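Trainee: Dumping the structure here so I can ask a few things about it.
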Amino acid sequence: MHREEKKSIRSLSEEYGVSPAAIHNWVKGAKSVELEDGTEVTSKEFKQLQKENQRLKEELEILKAASVLLGKH
């Protein structure tokens, strides 16, 4: 609504009785990011995907090290 109707954060805050900071955070979280494959995700989803990707990379490194120790590479 903020972008679609060109309403200011202040006017939305007054209209809905929500703090400007809360609206700012909602708008920030709703911004979309386009991935390499053309898929659009919100900034929040993108951060979650980055975090999951890092976790999976770490798990892969652990599994690689374990396979070397077990002699199965």
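Bear in mind these aren't lab numbers, they're just calculated from the coordinates by the rules spelled out. From a predicted model like this one, the values you see are computed outputs, not experimental measurements. Note that each Cβ is placed from the backbone with ideal geometry, even for glycine, and that neighbours are counted across all protein chains shown.
Trainee: Under the rule that an exposed site lies in a DSSP loop and has at most 10 other Cβ atoms within 10 Å, name the longest stretch of the chain with no trypsin sites (Lys or Arg not before Pro) of that kind, not counting the sites themselves.
Mentor: Looking at the chain, 7-71 is the longest stretch - no exposed trypsin sites (Lys or Arg not before Pro) with at most 10 other Cβ atoms within 10 Å.
Trainee: Also: So how strong a dipole does the chain carry about its Cα centre when Lys and Arg Cβ are +1 and Asp and Glu Cβ are -1, to the nearest 20 debye? Provide the component values of the computation, followed by the final result.
Mentor: On the way: 13 positive and 13 negative charges, 54 e Å.
In debye, rounded to 20, the chain gives about 260.
Trainee: For a 29 Å ceiling on Cα separation, which of these pairs sit above it: 6/44; 7/47; 31/64; 6/51; 47/72? If you can, show how the numbers build up before the last one.
Mentor: Working: 6/44 23 Å; 7/47 27 Å; 31/64 37 Å; 6/51 33 Å; 47/72 34 Å.
With Cα atoms farther than 29 Å apart: 31/64; 6/51; 47/72.
Trainee: How much length is gained on full extension from residue 21 to residue 51, taking 0.36 nm per residue of separation minus their Cα-Cα distance?
Mentor: Between residue 21 and residue 51, full extension yields 8.3 nm more.
Trainee: For the chain, run through the GluC sites (Glu not before Pro) and keep only the ones in DSSP coil with at most 11 other Cβ atoms within 10 Å of their Cβ.
Mentor: 4, 5, 36
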